[in-house]
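Novice: Got a structure here, written out as structure tokens. Questions coming.
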Amino acid sequence: MVNKKKIRLMNMAVVASLGLFGCKLEALTLKESVAEALITNPIVQERLKNFRETQQDLNIAQSEYLPVLDLKSSFGTNSGGNLKSNTENSSYQNYTNSLKLTQNIFNGFSTSHKVDYQKARILAAAYNYLENANDVAFQMVEAYLDVIRAYKLLQNAKESVAINQNIYNNIQELFDSGLTTKSETTKVYASLSLAKSNMIVQENNAIDKEFKFKRIFGRNINVWEMEMPSLDMVMPESIQRATMYAIQNNPSVLVSEYNIQSAQALYKEKKSSFYPKVDFELEQLYNGNRNKENRYDQTDDRLKAYVTLNWNLYRGGADKAAIQRTRSTIHKEVESKRDIKRQTIEAIELSWSAYHMIANQLNELYRYYEYSKETLESYQQEYDMGRRTLLDLLSVQNDLINSKSQIINAETDRLFAQYRILDAMGILVSTIAGDTEAYSSMTLPVEKPFYVTEDSLPINLDRDGDGIVDSLDICQSSVEEENIMPYGCVKGPLDSDYDGVPDMYDMCPDTKFGAVVDEKGCEIIGVPNKFAVDTKVYTSIVEPYNENSPHKSPQLGLYDYEYSTRADNNTLSTDLDNQLMYDNFELIQRFPEINMTDFKTELTPNTKIEIAQIATSILKNKKDGMIITVIGHTKTITESNENQHKSLEYAQVVKNELITNGIPKEAIQVESRFDKDKLYLKTYPIDDSLNDRVMVSLYVPQDIPSDSDGDGVIDIYDLCPNTPTGYKVNKDGCCLDDDNDGVINELDLCPNTPSGYVVDEHGCSVKRTLHVLFAHDSYVINLDSIGHIAEFAQFLKDHPYYNIVLTGHTSKTPTSTEKYNLKLSLKRAESIKAFLIANGVEESRINAVGKGFSEPIATNDTLDGQSQNRRIEVELIDVNKLTEQKKIILETDTLSETNKSVRF
């Protein structure tokens with residue numbers, strides 16, 4: 001009975017051994033790897049501490065809103081009158097005390113701008129933390145897949161060594177028996193040495209990938225714990241949608257956005273230098289002498305309350321330069337964001353291309369593998385027949401191994417391309433580990449950026465609590481409670497075939513990588529390899545939508561795109577969205593923004609003039625099916641509902657004015673984008689008012705040329721305008737005929753006919769039996785057949801454009817041998833060839849082959865059947881058509897004439 005349990009049941013001895021050496025039985029999925037790395041990786045933790053550090057800068061800035069209370073006390077000995085001779089010298093003890101409260105009243109809004117600056121820095125730090133967490137997760141995904149890839153390639157290299165070793169053993173036996181040459185033996189041995197070298201390279205590469213995994217993950221892992229991730233996530237509907245989503249949600253882009261905001265706040269803070277600083281001060285003084293009165297310091301007991309004004313009037317232009325510098329800083333951050341945006345776009349485009357192109361590549365690689373496999377089987381049969389050498393077998397074996405290596409790399413690359421797309425879009429971690437505690441902790445700084453968590457001292461320098469301090473710990477994220485080696489890692493028993501069963505208990509020490517094994521370490525027959533993939537999945541694209549996909553809300557427009565990695569959660573785009581996003585247009589014209597800052601209840605005269613000019617331009621390009629989009633935008637308003645209402649009102653007012661100016665109502669599509677798409681960067685409130693605007697765009701449809709037969713080639717270029725529906729055509733609109741035999745692909749039952757062969761209406765080469773009689777076990781032509789062959793010779797002389805292939809066949813008897821009958825059938829064909837040459841047919845026109853008894857046309861169990869099988873078949877090759885390109889079914893009149901002239 002086949003054991004189909006997912007977890008191997010170990011016997012007590014093996015379990016005890018695994019417990020002794022600290023091995024884990026549970027799987028380590030990609031999700032678990034990412035979640036653990038988010039918690040333990042020092043890069044993520046360093047950015048978290050940086051975020052908390054930045055939070056305190058806000059508290060420091062906000063402290064300027066509060067009063068400052070200073071106590072100053074002094075006590076000492078004074079000595080007076082030492083310099084003037086007419087002044088009595090006096091030494092005395094004096095003390096002073098001052099308690100002063102200072103409350104800033106006005107500082108040019110410096111404090112409020114400092115607070116804004118620090119808030120923007122906190123948000124930037126939060127998204128920088130998220131950015132680095134995403135980057136670590138991305139590295140974790142890459143390392144995880146690379147480890148699996150490396151061990152699959154290592155397994156392939158091991159199989160190559162085994163194949164080469166087997167062939168070497170066989171050829172060495174032949175050499176020792178004197179049946180082959182030394183050069184063939186050394187050639188195979190060289191191939192074996194190369195295979196062993198490649199295996200060592202792959203083994204080293206696998207170790208390297210484990211080291212990389214350990215650097216990110218923090219501890220050693222057992223490769224048999226890993227599982228193959230699935231390639232089943234829905235990608236965005238198009239590269240355009242994926243890219244637009246990415247440039248709005250990628251954490252790096254968001255970090256740069258908050259860097260811009262912090263630069264704006266810093267610019268406004270620097271302008272406070274041009275304003276006076278006004279403070280209220282309340283001070284209690286108590287000064288006196290301890291021993292005696294003196295002529296210098298008297299007792300002072302006063303309470304003072306006053307308002308102070310400090311105003312710098314000139315600083316050599318430093319304040320003006322500081323403002324200009326911060327202006328440039330804003331520009332610098334804007335350009336930095338644009339560069340990051342370009343990088344994000346590049347990342348999406350590269351990964352999107354890889355995701356789709358590798359699917360096409362895998363289609364060909366899977367064919368390469370299947371054909372190599374078929375070739376190997378054929379070569380093996382031919383080797384058994386003595387028609388192939390061991391070197392031939394070695395060559396095709398290497399082809400098979402090479403195809404598997406390329407498939408392994410391509411499959412891994414396609415799987416990784418899926419995660420590359422998600423990473424560029426900023427949703428890699430949420431997709432993989434969105435339901436884990438690690439993800440919730442990671443997103444907390446973004447969701448609650450001003451919620452302060454305070455770090456404490458001292459810091460424990462045994463990060464993983466394994467009893468080995470960090471300065472000595474090689475594995476700083478160990479999770480085992482026992483069996484920690486002095487260097488901080490868990491050392492497990494040797495497992496040479498990576499199946500989870502230690503070598504000391506493994507009865508099958510050469511199990512293939514990924515095979516599911518029983519408690520003895522032997523493969524369970526019928527259970528799929530845990531790292532095998534579904535080839536259909538790897539050569540297809542998951543449809544982005546299904547019948548359960550939600551429809552877009554009516555209030556959402558072209559630029560509102562909601563995405564999910566599950567088709568039933570992925571919001572379906574509208575037909576209008578798809579038309580505007582993907583159709584070809586004769587003209588797309590975007591008009592200058594219509595500013596609505598001065599709009600109250602009616603449009604201003606100047607705005608009406610602008611709209612009239614736009615309408616005039618639209619009417620010049622008026623065409624049936626044209627679309628005019630009118631999209632309203634607003635400045636940032638606290639109430640989101642007001643944003644929506646205001647932007648929609650702006651768009652509706654402009655639409656009505658366009659209709660007044662003659663634009664068809666049905667051609668206009670109104671949308672609201674609230675405050676999402678800023679045209680101007682807001683530094684001061686007046687800047688934001690420029691974002692109160694309406695954008696009008698014109699889409700003029702492209703004329704669709706006529707294609708009467710619907711074959712994809714328009715009529716003006718279609719040389720075959722009546723192609724049947726569904727037939728594939730070439731660039732001229734004519735049916736494809738890949739083998740150039742005159743029969744189109746859809747009707748061709750023999751699609752790989754060699755060039756020039758005369759075919760029937762089904763595209764198969766015409767084979768006719770030349771009625772020639774041979775005695776049993778003879779290739780001498782029977783006298784009764786001479787007349788038929790002479791007629792055929794005359795036919796060939798009358799039709800010099802025909803070459804022929806003569807194929808000899810034999811019958812099979814219980815004593816027949818394949819090798820002998822191959823020779824006999826060839827001799828029979830050569831007998832006919834010799835007769836034709838003797839009767840005036842050029843030798844160059846005749847090719848003779850023998851196929852023995854491999855292609856019978858009747859049973860060999862009867863004498864009559866054996867007689868039918870002893871035959872000569874003739875195939876005609878039209879030399880005029882060896883390179884001629886035919887587009888319609890070849891006429892068969894000549895063939896009919898041939899059948900009338902001579903019996904085949």
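Novice: Which angle between 0 and 90 degrees, to the nearest 10, do you get for helix 110-176 versus the longest principal axis of the chain when only C-alpha atoms count?
Specialist: For helix 110-176, the angle is close to 20 degrees.
Novice: Using modelled backbone amide H atoms (1.01 Å from N, in-plane), which distant-in-sequence or interchain residues come within less than 5 Å of residue 552's amide H?
Specialist: 572
Novice: Please list 3J(HN,Hα) in residue order for region 615-630, calculated via the Karplus relation 6.51 cos²θ - 1.76 cosθ + 1.60 where θ = phi - 60°; whole Hz, with x for glycine and proline.
Specialist: Going residue by residue, I get 4, 4, 5, 5, 5, 5, 10, 4, 7, 4, x, 5, 10, 10, 9, 10 Hz, with x marking Gly and Pro.
Novice: Here's a follow-up. Can you list the aspartates and glutamates whose alpha carbon is less than 18 Å from that of residue 812, not counting same-chain residues fewer than 8 positions off?
Specialist: Straight-line reach from residue 812, under 18 Å: 777, 855, 861, 864, 873.
Novice: Please give, to one decimal in nm, the separation of the simple spin-label points placed at residue 559 and residue 274, each 7 Å out from Cα toward the Cβ.
Specialist: Computed distance between label sites residue 559 and residue 274 equals 3.2 nm.
Novice: Are there trypsin sites (Lys or Arg not before Pro) in region 230-321 that DSSP puts in a loop and that have at most 13 other Cβ atoms within 10 Å, and which ones?
Specialist: Loop-located and lightly packed - 290, 292, 295, 315.
Novice: Quick one: plug the Kirkwood hydrodynamic radius of region 583-701 (C-alpha pairs) into Stokes-Einstein at 25 °C, 0.890 mPa s, and report D in µm²/s.
Specialist: The estimated diffusion coefficient comes to 168 µm²/s.
Novice: Projected onto the charge dipole of the chain (+1 at Lys/Arg Cβ, -1 at Asp/Glu Cβ, origin at the Cα centre), which of 398, 177, 684 gives the Cα projection farthest towards the positive end?
Specialist: 684
Novice: Going by amide H atoms built from the backbone, whose H comes under 5 Å of the H on residue 485, apart from near neighbours?
Specialist: Under 5 Å from the amide H of residue 485: 490, 491.
Novice: Same structure, new question: Give me the Kirkwood hydrodynamic radius of the chain, using the inverse of the mean 1/r over all pairs of distinct Cα atoms, in Å to one decimal. All intermediate terms of the calculation are to be shown ahead of the outcome.
Specialist: Working: mean 1/r = 0.0266 Å⁻¹.
After inverting the pairwise mean of 1/r, the radius is 37.6 Å.
Novice: Holding the Cα-Cα limit at 30 Å, pick out from 214/404; 373/491; 665/731; 31/635; 214/448; 270/678 the pairs that are longer than that.
Specialist: 373/491; 665/731; 31/635; 214/448
Novice: Evaluate the charge dipole of the chain about its Cα centre and quote only its size in Debye, nearest 20, assuming +1 on the Cβ of each Lys and Arg and -1 on the Cβ of each Asp and Glu.
Specialist: In total the dipole reaches around 2840 debye.
Novice: Hey, could you grab the Kirkwood Rh for region 647-726? Inverse mean 1/r over distinct alpha carbon pairs, Å, one decimal.
Specialist: Values: mean 1/r = 0.0587 Å⁻¹.
About 17.0 Å, per the Kirkwood formula over Cα pairs.
Novice: So which trypsin sites (Lys or Arg not before Pro) in region 57-154 pass both tests, a DSSP loop state and at most 13 other Cβ atoms within 10 Å of the Cβ?
Specialist: 84
Novice: Under a point spin-label approximation (7 Å from Cα along Cα-to-Cβ), what is the residue 716-residue 176 distance to one decimal in nm?
Specialist: Reported label-point gap for residue 716 and residue 176 is 7.8 nm.
Novice: Step through the residues of region 213-229 one at a time and calculate ³J(HN,Hα) from phi using the Karplus curve (6.51 cos²θ - 1.76 cosθ + 1.60, θ = phi - 60°), rounding each to whole Hz and writing x for Gly and Pro.
Specialist: Result, rounded to whole Hz: 4, 4, 4, 7, 7, x, 7, 6, 10, 9, 4, 6, 6, 6, 10, 6, x.
Novice: Separate question: Determine ³J(HN,Hα), in whole Hz, for all residues of region 510-525 in sequence, where each value follows from phi through the Karplus function 6.51 cos²θ - 1.76 cosθ + 1.60 and θ = phi - 60°; x replaces Gly and Pro.
Specialist: 10, 4, 5, 4, x, 5, 7, 10, 8, 5, 8, x, 9, 5, 7, 5
Novice: Sticking with this structure for a sec: Each label point is 7 Å from the Cα along the Cα-to-Cβ direction; what then is the distance between the points at residue 74 and residue 456, in nm?
Specialist: 4.2
Novice: Quick query: amide H of residue 670 versus all other amide H atoms, modeled in the peptide plane; which residues come in under 5 Å with a sequence gap of 5 or more or a different chain?
Specialist: 630
Values quoted throughout were computed directly from the atomic coordinates according to the rules given, and no laboratory measurement underlies them. Everything numeric here is computed off the predicted structure, so don't read it as measured data. Neighbour counts are summed over all protein chains in view; Cβ atoms, including those assigned to glycine, are modelled from backbone coordinates with ideal geometry.
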